1. So if I check each of Ala238, Ala207, which one is loosely packed, with under 12 Cβ neighbours inside 10 Å and within 30 Å of Ala21 (Cα to Cα)?
2. Scan the stretch 164-199 for residues that are within 30 Å of Glu134 (Cβ to Cβ) and surrounded by fewer than 17 Cβ atoms within 10 Å (Cβ to Cβ) and jot them down.
3. Kindly indicate whether Leu96 is among the hydrophobic types (A, V, I, L, M, F, W, C), buried (at least 23 other Cβ atoms within 10 Å of the Cβ), assigned to a helix (DSSP H, G or I) and under 18 Å from the mean Cα position of the chain (by Cα).
4. If a residue must be out of contact with any strand residue (DSSP E or B) (no Cβ under 6 Å at 6 or more places or on another chain) and on the phi > 0 side of the Ramachandran plot, how many such residues does the stretch 136-172 contain?
5. If His84 satisfies all but one of (1) outside any strand (DSSP E or B); (2) touching a Lys or Arg at 6+ places or on another chain (Cβ under 8 Å); (3) farther than 24 Å from His146 by Cβ; (4) at pLDDT 95 or above, what's the number of the condition it fails?
6. Are any of the residues in the stretch 230-248 part of a loop (DSSP other than H, G, I, E, B), under 27 Å from Glu28 (Cβ atoms) and free of Cβ contacts under 8 Å to residues at least 12 places away in the same chain?
7. Given (1) farther than 29 Å from Ala34 by Cα; (2) touching a strand residue (DSSP E or B) at 6+ places or on another chain (Cβ under 9 Å); (3) of a type in the set (Lys, Arg), where does Lys248 come up short, assuming only one miss?
8. In the stretch 43-66, which residues are in contact (Cβ under 8 Å) with a residue 40 or more places away in the chain and either in contact with a helix residue (DSSP H, G or I) (Cβ under 9 Å, 6 or more places away or on another chain) or part of a strand (DSSP E or B) (or both)?
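The values are calculated or read from the model by the stated rules, or taken from the named source; none is laboratory data. What you are looking at is a predicted structure, and each value in this text was computed from that prediction instead of being measured. Virtual Cβ from ideal backbone geometry, glycine too; neighbours counted across all protein chains shown.
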Amino acid sequence: MKIVVAIKQVPERDAHIRIAASGQWTEEADLQFAMNESDAYALEEGLQLKEKNGGEVVVISAGPERIGSTISEALAKGADRAIHVECDDLGKYDALGIATLLAAALKPENPDLVLTGLQSDDFGYGQTGVILAELLGLPHASLILHVDKTDTGLNVKRELEEGWFQNIELPSPAVLTIQSGGTRLRYATLMGIKKAKTKEVRRVTAAELGSPLALLIVLDRVSLPQKQKSTQFLSGTAKEAADALVEKLKFEVRVL
């Protein structure tokens, strides 16, 4: 069973974000980067499937040279080899552009299963995995917490609203977007870190894949959200004021 897992390198959650001097992007020089959280769960799901059913896990990631550290982490955790799509301006691609690059790099692999995270912690499109499935012409399902291989394909557990779950059958090959929290993540062992240095990393440039220039995002200006404060006085009886407060919390603040 050949399993491909798409991973992305994103700024660490506690990183202090500053706008670059150009005003068109964030300052990355002093940022610390890590593997995107839901991608880490996708990798764990892929590794567990490999342990149960055999085969190999191939990780694919697009980005500049620095993503090599995240690829090495995935290899140290147990992935067998990797594909690095070299792209120094990944932030300028929309979800379709990124999925186009990944699809072009994946087609020669003919995987039995493609796993991606549900969404990235930086842009949060939540679309790349679904678009990738369309470009590859494969069935897909999202919000996946667990995957089992069956004689006829795959059985997956999806997370729905309000604590409900859904189990569905899918043919293989397929593309699944994995939700965070479905399993416990493993750590890279010392032996795994040593082995990672000898594992294959195939490099391919965005230009070699036919870089989708028409799908670039043109960023004119990036700014931090403005902090705003306002005070409202609710009139009427205590019940009327309470009802009005609940309405505002539901539909304006959206915390209920």
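1. Details: Ala238 fails: within 30 Å of Ala21 (Cα to Cα).
Of the residues listed, the single one that is loosely packed, with under 12 Cβ neighbours inside 10 Å and within 30 Å of Ala21 (Cα to Cα) is Ala207.
2. Trp164, Phe165, Gln166, Asn167, Ile168, Glu169, Pro171, Ser172, Gly181, Thr183, Leu185
3. Working: among the hydrophobic types (A, V, I, L, M, F, W, C): yes; buried (at least 23 other Cβ atoms within 10 Å of the Cβ): no; assigned to a helix (DSSP H, G or I): yes; under 18 Å from the mean Cα position of the chain (by Cα): yes.
Criteria not met by Leu96.
4. Total meeting the criteria: 3.
5. Among (1) outside any strand (DSSP E or B); (2) touching a Lys or Arg at 6+ places or on another chain (Cβ under 8 Å); (3) farther than 24 Å from His146 by Cβ; (4) at pLDDT 95 or above, the lone unmet condition for His84 is (1).
6. Taking the stretch 230-248 as the starting set, the residues that turn out to be part of a loop (DSSP other than H, G, I, E, B) are 230-237.
Restricting the remaining residues to those that are under 27 Å from Glu28 (Cβ atoms) gives none.
No, the stretch 230-248 contains no residue that is part of a loop (DSSP other than H, G, I, E, B), under 27 Å from Glu28 (Cβ atoms) and free of Cβ contacts under 8 Å to residues at least 12 places away in the same chain.
7. Status for Lys248: all satisfied but (2).
8. Within the stretch 43-66, the first condition is being in contact (Cβ under 8 Å) with a residue 40 or more places away in the chain, and the residues that meet it are 43-50, 52-63, 66.
Once the filter is applied, which keeps residues that are in contact (Cβ under 8 Å) with a residue 40 or more places away in the chain and either in contact with a helix residue (DSSP H, G or I) (Cβ under 9 Å, 6 or more places away or on another chain) or part of a strand (DSSP E or B) (or both), the stretch 43-66 yields Leu43, Glu44, Leu47, Gly55, Glu56, Val57, Val58, Val59, Ile60, Ser61, Ala62, Gly63.
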